[in-house]
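The values are calculated or read from the model by the stated rules, or taken from the named source; none is laboratory data. These numbers were taken from a predicted model, which means no experiment stands behind them. Note: ideal-geometry Cβ built from the backbone for every residue, glycine included; neighbour counts use all protein chains shown. Just so you know, the surface numbers come from the protein's heavy atoms only, side chains and all, with ligands and any DNA or RNA stripped out. Shrake-Rupley method; radii C 1.70, N 1.55, O 1.52, S 1.80 Å.
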Amino acid sequence: MYRPSCFDEIRPSLLLGLIDAHPLGTVITHGDGGLDATHIPFEIDAGDENAPFGILRAHVARANPVWRHDGETLVVFQGPSAYITPALYEDKKINGKVVPTYNYAVVHAHGRLRAIEDPAWILELFGRLTARHEAAQAVPWSADDAPPDFIDRLLTMIVGIEIPIERIQGTWKVSQNRSQNDQRTIMAAMDAPMAREMERRSA
């Protein structure tokens, strides 16, 4: 990933926070057929001494070949993004020497994928993911709402995956290279998610 120093981000709180807030990852693998990309919602665990950058966990359909991948895996998490018009820059009025750009926040997590076929492990993960994403519902759904034999059959059709993160990189391109006045003007013009990322980066 191209990371100019002014946009480089290494703080674990921001990197893992973006993954937690935007859990749909693009899993990029390379095999005999070349590059492949799969889109999977993950949970992020803070990790331990064996995985100091955290552990990604998810589940996929057994028919999805990604769980059989043996080798380095890259997972890309995309945060908020926004087009930035030159009209927001002071220099637009002064000398016109400005061009459009795009702001974004992104995290690349590298590691080796391992498959987990233990039904109890998968069910526990399934429960955590469901509880998290159902939390905003008036009446949250849980696996207990479905017939037990249906859930048992489902567990034979999915495989857990775990990726201990060996290397993690982040880029927060959120107008740090502009003047403070430009940054304030841009932040005021952004929607809440991008304005929040600009605030977090400057904290």
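A few comments on the model shown:
- Residue-count net charge about R132 - beta-carbon cut-off 14 Å; Lys, Arg +1, Asp, Glu -1: -3
- Mean Cβ neighbour count within 10 Å, used as a protection proxy, ranking 118-128, 7-17 highest first: 7-17, 118-128
- Note on R153 and N181: the extension gain reaches 4.2 nm, defined as 0.36 nm multiplied by sequence separation minus the Cα-Cα distance.
- Working value for the stretch 13-83: equivalent-ellipsoid semi-axes of 22, 17, 11 Å, each the square root of 5 times a Cα gyration tensor eigenvalue, largest first.
- At least 18 Å along the helix axis (C-alpha) and Kyte average at least -0.5, DSSP helices within the chain: 119-134
- Rolling a 1.4 angstrom probe over the stretch 1-155 with all protein chains present gives an accessible area of which 55% lies on carbon and sulfur atoms.
- Computed from the Kirkwood radius of its Cα pairs, the Stokes-Einstein diffusion coefficient for the stretch 146-203 at 4 °C and 1.567 mPa s stands at 83 µm²/s.
- Convex hull volume of the C-alpha atoms in the stretch 89-159, normalised per residue: 173 Å³.
- Sum of -39500 (n - 2.57) over DSSP H runs of 4+, divided by residues of the chain (222 nm, nearest 500): -9000 deg cm²/dmol
- Computed extension gain for K92 through Q137, at 0.36 nm per residue and net of the alpha carbon distance, reaches 11.6 nm.
- Taking a sphere under 12 Å around the Cβ of G160 and counting the other residues whose Cβ falls inside, with K and R at +1 and D and E at -1, yields a net charge of -1.
- Computed on the Cα trace of the chain, the radius of gyration divided by the Kirkwood hydrodynamic radius gives Rg/Rh = 1.06.
- Excluding ligands, DNA and RNA, the accessible surface per residue across the chain is 56 Å² with a 1.4 Å probe.
- For the stretch 1-121, the share of alpha carbon pairs falling in successive 10 Å distance bins from zero is 11, 35, 29, 14, 8, 3, 0 percent.
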